[in-house]
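The values are calculated or read from the model by the stated rules, or taken from the named source; none is laboratory data. All figures in this text were calculated on a predicted structure; none of them were measured in a lab. FYI the Cβ positions are ideal-geometry reconstructions off the backbone, even for glycines, and counts take in every protein chain you see. Keep in mind that these areas ignore ligands, DNA and RNA; they rest on the heavy atoms of the full protein, side chains included. Shrake-Rupley method; radii C 1.70, N 1.55, O 1.52, S 1.80 Å.
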Amino acid sequence: MSTLPTIPRFKLPGIVAAINSRLPQWPHAVALTTALNAAAKMKLLPEDSLSQLEGRHFFVRVNDTGGEARFTYRNGLFRPLFAASGAPDLSFSANLSAFLQLLARQEDPDTLFFNRELSIEGDTELGLIVKNMLDAIELPQLPQIPAFRR
């Protein structure tokens with residue numbers, strides 16, 4: 001049972017994406033790859049699946065924020081890509097609320113995909129590997145703080 005609050009579906013105003021899309025995008029890739037590397041180091045990502053990501057290029061777009069991240073997995077690490085190097089092997093796009101719902105395990109990728117809230121394009125086999133990786137993640141249970149109990 002998740003102790004995280006329920007994340008509602010929302011869409012940020014268009015002005016947010018209009019402004020953010022004009023800003024440098026590399027910080028998003030650095031933040032995302034740092035988080036993915038931390039998850040891998042904590043053994044939250046299945047190692048057998050990670051090896052299948054070797055040399056593949058990924059693209060993540062948060063539609064309503066205008067944020068984009070391009071990255072690859074090479075030599076055991078997720079690495080940001082600072083320049084577009086052709087078409088990615090796999091791309092994901094969704095609004096911020098959909099990505100937060102995935103992270104909180106409130107929604108699964110299949111539901112969001114079939115409800116057209118998550119777009120996945122590219123290599124189908126690679127998409128299934130990533131989807132199965134997401135499904136296999138066992139998030140550690142954090143102790144509840146007494147003041148925040150429901």
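Using DSSP to call loops (not H, G, I, E or B), can you name the trypsin sites (Lys or Arg not before Pro) in region 6-98 whose Cβ has at most 10 other Cβ atoms within 10 angstrom?
The qualifying sites are Arg22, Lys43.
For the chain, take every pair of Cα atoms, bin their distances at 5 Å starting from 0, and report each bin as a whole percent. That works out to 2, 9, 16, 21, 22, 16, 10, 4, 1, 0, 0, in percent per bin. Taken along the Cα-to-beta-carbon direction at a fixed 7 Å, the label points for Leu44 and Ile137 span 0.6 nm. Restriction of the chymotrypsin sites (Phe, Trp or Tyr not before Pro) in region 28-113 to DSSP coil positions whose beta-carbon has at most 14 other beta-carbons within 10 angstrom yields Phe82. Listed values for region 67-73 are Karplus-derived 3J(HN,Hα) couplings in whole Hz (6.51 cos²θ - 1.76 cosθ + 1.60, θ = phi - 60°), namely x, 9, 9, 10, 7, 9, 10, and x replaces Gly and Pro. Here Glu121 sits with roughly 110 square angstrom of accessible surface, probe radius 1.4 Å. Region 7-76 gives an Rg/Rh value of 1.06, both radii derived from C-alpha positions and Rh following Kirkwood. Rolling a 1.4 Å probe over the protein heavy atoms leaves Glu117 with an accessible area of roughly 50 Å². The residues Ile7, Ile15, sorted by heavy-atom accessible surface at 1.4 Å with ligands and nucleic acids left out, run Ile15, Ile7 from largest to smallest.
Hey, in the GNM for the chain with a 10 angstrom Cα cutoff, which one of Thr34, Thr124, Thr72 fluctuates hardest? Of Thr34, Thr124, Thr72, the Gaussian network model singles out Thr124 as fluctuating most. Hull volume per residue, based on the alpha-carbon atoms of region 49-138 and their convex hull, is 100 Å³.
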